[in-house]
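Let me begin by presenting the structure, written as structure tokens, before commenting on it.
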Amino acid sequence: MFTSIAIIGRPNVGKSSLFNKLTKSRDAIVSDFSGLTKDRNYNFLKLKNKKTLLIDTGGIADSDESINNAISQQAWIAVQESSLILLILDGSEDLNKEDLDIIQNLRKLGKEFISVINKIDKKSNSNVKDDLFKNGIKSFFEISAEHSLNLSELISYLSEIVPETDIKESSDKKVAVLGRPNAGKSTFINSLIDEDRLIVSEIAGTTIDAISIPFEIDNEKFLFIDTAGIRKGYKYNHKIEYFSFVRAMHAIEKSDSVIFLCDANENIVDQDLKILNMIIEAGKPVLFVFNKIDLISKKELISLYTNKRMQSEFMQKIMKVEISAINKKGFKKVFKDINFLIEKSKENFSTSQLNKLLNKFVNASAPPSVAGRQLKFKHIHFAGTYPTTFIIHSNQDKKIPANYKKYLENSFREELHLNSVQLRLIFRKSSNPFDGKKNKLSTRQTKKRQRLIKHKHKSNN
């Protein structure tokens, strides 16, 4: 199975710049200083009708410093678990020992790699192309990631060689089960199906792959995807953990909805919020499930909900359920809510329905003036799912106050029952169709104007 594409190279050759350009994001920090990328960055690379995971890595360098060795080790883990490697070289310099060592190690590992000469916009007397020929590399791409030169050629090539997904899509409702290690994900699914199909252990990190389990209830077919626990900070000291994380990312991407499992014995932590945010960024609806409630008192349960993180605006938008996986308590509520979220996430909304609601919200709270102009909303229409997207046309787009945007979002959420469903409002400035155009006069108007002009001339004389 094709897993991912890793971007590697020595420090400051432009790996993060290329990563940002290919993923159309700003996930990776870019600077003239080397060594800023210490852990792996990840995002999906979209290639026509294909999609694959792209991994940005820290610079591989020969160094006695432990931090640099750790960064290099992380990069090589990404190499080992990826199906294709993009080797980035600095086109303004000759190949050095670090470049040659990387090439040699890739060949030892038997890894397919594409050589990419970056920074071709910089004037130099570099012999990097001759150096590649001397080392048996006769084909390569010459680009400038910073200025997007020749990137289309590289993207086109990747589109050709990256295979179509070999996973057959089913009509079952796909639900990914995520959470920190040992939250009870496998126990939860085992209890659902009354079968010990998944390995359950008190040792955190037993599940190392995403496992799909078909399940049916009330004539509704589900496909539950059990994933490995995602560790704090997304820092992986072992390749198995990294590979598990990649699988979890793919599970989110394939799912119709996500169940996020949290151990009720533990307070919600920043790591939980990071995982939840990752799900939300993927546009997938999420159900927050407190597991192991049989192990805590009612007072302790109440204290969980009064936690500052649970009281945040972020968490208030997410539906919550309490269960005991080992005692099979709360399962009916889970199925009911997850089915509701999937159906809501796939729902289409008519233009007339949305415009009636928009007018209702505007009448209830008039939009403010922006730069001396009254903010006016002309119309709204539905634009797609995952996330549910509405496009609002107005006489402004970038200058709309954030608090009024939030007001509209919350109003639509409440009216359309979109809690836990990812909602995106896009504001577009409608252009005036008559802007820059002159009215075309009728024959009668033209003659009248000519008479007025003639009369004016006579009066002046």
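Where a number appears in this text, it was derived from the coordinates with a stated rule and is not lab data. On a predicted model such as this, the values are computed, not experimentally measured, just so you know. Quick reminder, even Gly has a Cβ in these numbers, built from the backbone with ideal geometry, and neighbours come from all protein chains shown.
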* Could you tell me the convex hull volume per residue, in Å³, taken over the Cα atoms of the range 362-461? => 181 Å³
* To do: Report the net charge of residues surrounding Arg428, where surrounding means a beta-carbon distance below 12 angstrom and charges are Lys +1, Arg +1, Asp -1, Glu -1.
  => +2
* Residue exposure sequence - Tyr42, Tyr157 - by fewest surrounding Cβ within 10 Å -> Tyr157, Tyr42
* **the range 271-289 and the range 316-347: distance between their alpha carbon centers, rounded to Å** => 14 Å
* Distance in nm between label sites at Glu253 and Thr3, each 7 Å beyond Cα in the beta-carbon direction? -> 1.4 nm
* Run the numbers on the range 4-161 and let me know its relative contact order in percent, using alpha-carbon pairs under 8 Å that are six or more apart. => 24 percent
* Asked: Quick one: Thr57, Thr385, Thr187, fewest Cβ neighbours within 10 Å first, how do they rank?
  -> Thr385, Thr187, Thr57
* Determine the dipole magnitude for the range 348-461: charges of +1 sit on the beta-carbon of Lys and Arg, -1 on that of Asp and Glu, nothing else is charged, the reference point is the Cα centre, and the result goes in debye to the nearest 20. => 1500 debye
* Just check the range 4-161 against the gyration tensor rule for me: Cα atoms, a ≥ b ≥ c as the square roots of the eigenvalues, rounded for a/c under 1.5, and otherwise prolate or oblate depending on whether a/b exceeds b/c. => rounded
* Structure fact -> Excluding residues fewer than 8 positions from Lys376 in its own chain, the lysines with Cα under 17 Å of it are Lys356, Lys360, Lys398, Lys399, Lys405, Lys406, Lys429
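Here are some pairs, Lys51/Lys274; Lys298/Lys320; Lys185/Lys336; Lys308/Lys344; which of them have Cα atoms lying more than 20 Å apart in this structure?
Pairs exceeding 20 Å: Lys51/Lys274; Lys308/Lys344.
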* Asked: What's the local net charge at Glu146, with K and R +1, D and E -1, over the other residues with C-beta under 9 Å away?
  -> +1
